1. Sort out which residues of the range 59-73 are touching a strand residue (DSSP E or B) at 6+ places or on another chain (Cβ under 6 Å) and not β-branched (Val, Ile, Thr), and write them in order of number.
2. Could we say that Asp202 is assigned to a helix (DSSP H, G or I), in contact with a Lys or Arg (Cβ under 9 Å, 6 or more places away or on another chain) and surrounded by fewer than 20 Cβ atoms within 10 Å (Cβ to Cβ) here?
3. Report, ordered by the first and then the second residue, all pairs with beta carbons closer than 9 Å, sequence separation of six or more or different chains, a first member in the range 54-75 that is free of Cβ contacts under 8 Å to residues at least 40 places away in the same chain, and a second member that is in a helix (DSSP H, G or I) and aromatic (Phe, Trp, Tyr).
4. Considering only residues that are at pLDDT 95 or above and of a type in the set (A, V, I, L, M, F, W, C), which ones fall in the range 78-92?
5. Quick test of your reading of the structure: Val112 fulfils all but one of (1) under 24 Å from Ala35 (Cα atoms); (2) among the hydrophobic types (A, V, I, L, M, F, W, C); (3) over 17 Å from the mean Cα position of the chain (by Cα). Name the failing condition by number.
6. Any residue in the range 78-99 that's surrounded by 16 or more Cβ atoms within 10 Å (Cβ to Cβ) and in a loop (DSSP other than H, G, I, E, B): show its pairings with residues that are of a type in the set (D, E, K, R) and modelled with pLDDT under 95 at Cβ separation under 6 Å, as long as the two are six or more apart or on different chains.
7. Give me the residue from the range 102-112 that is at negative phi and touching a helix residue (DSSP H, G or I) at 6+ places or on another chain (Cβ under 9 Å) and, out of that set, surrounded by the most Cβ atoms within 10 Å (Cβ to Cβ).
8. Could you list, in sequence order, all residues of the range 157-186 that are free of Cβ contacts under 8 Å to residues at least 40 places away in the same chain and part of a strand (DSSP E or B)?
Amino acid sequence: MNKELPPEMDALRPGQDFDAVLIGASAGAAHALHALVPQLRSLEMAYIVVTHPAAGTDRDLPQVYGTLTPLPVKLAEDREAVLPGIVYFAPARRHLVVEHDGLFALSGDPLVNYSRPSIDVLFESAADTWGRRTVGIILTGANEDGARGLKAIGEAGGLTIVQDPEDADVPFMPTVAIRTAHPAAVLSLTSMARVLGAWADDSAARPLP
């Protein structure tokens, strides 16, 4: 792992390859994602982001964040295969689900935690599909969305990380996630970015099979 990371972060080094890193954020998401998206650059895992965009604004997400990472950034599409080395955003007005065949599904089911897309819906489906090969991250936000899904990832053996509420623009969502899911790590955005960047550097340094 990147030797610049504090020693206590050694526990966050992946003990196995991960299929996906899932990120959930709501109020204050833009600030948090601008800090993290530049470190989403591993070709070995997919990155899936759920925010709570207003209808129409989701179309701007690939353009806004595509300049921050070398990876392709796109809105997830129904029946699309989830591939490593891509940053996916959940589109507005639809729940985003990962199915057992490794495909996305979009759903118009009722709101969950007053939200559609819901962080919980994505996280729970990913935990069921990928189990311990899943990373779940909860960032700033003003409701309880994501706490239950993060707990599901932890119970499936995946890695769970929450933004330090004192570091969050809106601390309610990470506070609830900590209380509900008892995450493996509570980190500032700066520390979280360093961990994500170190994972990408580690994967890039691995010899080809």
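1. Passing the criteria: Leu61, Pro62, Tyr65, Gly66, Leu71.
2. yes
3. Note: pairs meeting the criteria are Val73/Tyr65.
4. Ala81, Val82, Leu83, Ile86, Val87, Phe89, Ala90 - these are the residues of the range 78-92 that are at pLDDT 95 or above and of a type in the set (A, V, I, L, M, F, W, C).
5. Result: Val112 passes all but (1).
6. Hits for this filter: Pro84/Glu44; Pro91/Asp58; Ala92/Asp58.
7. This residue is Val112.
8. Thr160, Val162, Val186
The values are calculated or read from the model by the stated rules, or taken from the named source; none is laboratory data. Here the structure is a predicted model, which is why all the values come from computation and not from measurement. Quick reminder, even Gly has a Cβ in these numbers, built from the backbone with ideal geometry, and neighbours come from all protein chains shown.
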